Amino acid sequence: MSLWAKLDCAIDAGASRVRLLVRDRGIVLDESVDELVERDQFRDRGRLLAAVLKAAFKRAQLRTGWLCPVRRVVLAIPSGANEVEKRVFEDALHSLGMKTVFLLESPMAAAMGAGCKVADPKATCVVDIGARLVHAAVVALAGTVACRSAERADAADDKRLTERVIELIRGVIEDCLDKGRFNLVDDLAEKGIVLTGGGALTAGLATAVSDALNCPVRVADKPQLAVINGVAQILPELDYLQKRR
């Protein structure tokens, strides 16, 4: 690698795993967070993220600091993050030497990585089932119409997880109807619900959700990689996005 190489990078820093993808190279790291840091040492969210990413970049043989070759990065963040939280995420990356930071909400990234047409006016429901959190979101016109999240801590068994997913989907549907999206039910009947994240591979989950909600449900191809693949789709647009700042 040239000392002055300039790289664009996509990051999915989940609760249990961190994935790094470099433009034109693909995924260069897919590692357990617990293999990278001792999370109990960090109470501050920003310092934990910075430590995780510093260790991840080191493991991927990408320098950090003033010689960091990554100049632009897109990071998947939780849906609904407030401005203070967004600044924490940005500061964590800037502290590692990354000059330009873009943020993309995880449910939108998951929908993009699952092949959904997120710019379509017809809504799509995506459920991202991670190791610790479950996110259910409705996306349309390249934006998030509604999103709900819940811990998976009390949904360890398959039956409880199914109930949790159904509860969240019904919740986001209610939120959309409250916002006047009365055509949502028709959209979901046509486009269905997409499951992403490692938990999407739970046996019988898709069928149980489909039966309960009476609409088609599919599991994304390689669902555990949906978020990082979705974030990667932003990388070719960074020149345009940077000009708009």
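Mind checking the log10 I(q)/I(0) for region 31-72 at q = 0.29 Å⁻¹? Debye, one equal scatterer per Cα, no solvent, two decimals. Each listed q corresponds, in turn, to -1.02.
Measuring gaps between exposed loop sites in the chain (chymotrypsin sites (Phe, Trp or Tyr not before Pro); DSSP loop; at most 12 other Cβ atoms within 10 Å), the longest gap, sites not included, is 5-181. By the helix-only formula, in which each DSSP H run with n ≥ 4 contributes -39500 (n - 2.57) and the sum is divided by residues, the chain has a 222 nm mean residue ellipticity of -11000 deg cm²/dmol.
Modelling each spin label as a point 7 Å along the Cα-to-Cβ direction, I'd like the Asp239/Arg43 distance in nm, to one decimal. Output for this residue pair reads 4.8 nm.
With a threshold of 18 Å on the Cα-Cα distance, the over-threshold entries among Lys122/Lys179; Lys6/Lys86; Lys117/Lys191; Lys6/Lys222; Lys6/Lys99; Lys86/Lys222 are Lys6/Lys86; Lys6/Lys222; Lys86/Lys222.
Normalising the Debye intensity of region 79-219 to I(0), with uniform scatterers on Cα atoms only, and taking log10 at q = 0.10, 0.11, 0.12 Å⁻¹ returns -0.35, -0.42, -0.49. Of the trypsin sites (Lys or Arg not before Pro) found in region 1-80, the ones in coil according to DSSP and having at most 14 other Cβ atoms within 10 Å of their Cβ are Lys6, Arg25, Arg43. Sparse packing (at most 12 other Cβ atoms within 10 Å of the Cβ) combined with a DSSP loop state is found for the following GluC sites (Glu not before Pro) in region 1-77: Glu38. Among the protein heavy atoms of the chain, carbon and sulfur supply 48% of the accessible surface, probe 1.4 Å, non-protein parts ignored.
Here region 101-163 and region 186-245 have alpha carbon centers that stand 7 Å from each other.
Placing R0 at 45 angstrom, the Cβ-Cβ distance between Asp34 and Arg71 gives a FRET efficiency of 0.95 after rounding to 0.05.
Taking a sphere under 14 Å around the Cβ of Asp120 and counting the other residues whose Cβ falls inside, with K and R at +1 and D and E at -1, yields a net charge of +1. Taking every DSSP bridge with both residues inside the chain, close to 60 percent are antiparallel.
Note that region 105-157 carries a Kirkwood radius of 11.3 Å, evaluated over its alpha carbons pair by pair. For region 33-124, the alpha carbon positions stretch 43, 29, 26 Å along the principal axes, listed from largest to smallest. Modelled this way, with points 7 Å down the Cα-to-C-beta line, the labels at Lys58 and Glu163 are 4.4 nm from one another.
The values are calculated or read from the model by the stated rules, or taken from the named source; none is laboratory data. The shown structure was predicted, so the numbers you read here are calculated from the model rather than taken from an experiment. Because the Cβ atoms are built from the backbone with ideal geometry, glycine has one as well, and the counts that use them run over all protein chains shown. Just the protein is used for accessible areas: all its heavy atoms, side chains included, with ligands, DNA and RNA removed. Shrake-Rupley method; radii C 1.70, N 1.55, O 1.52, S 1.80 Å.
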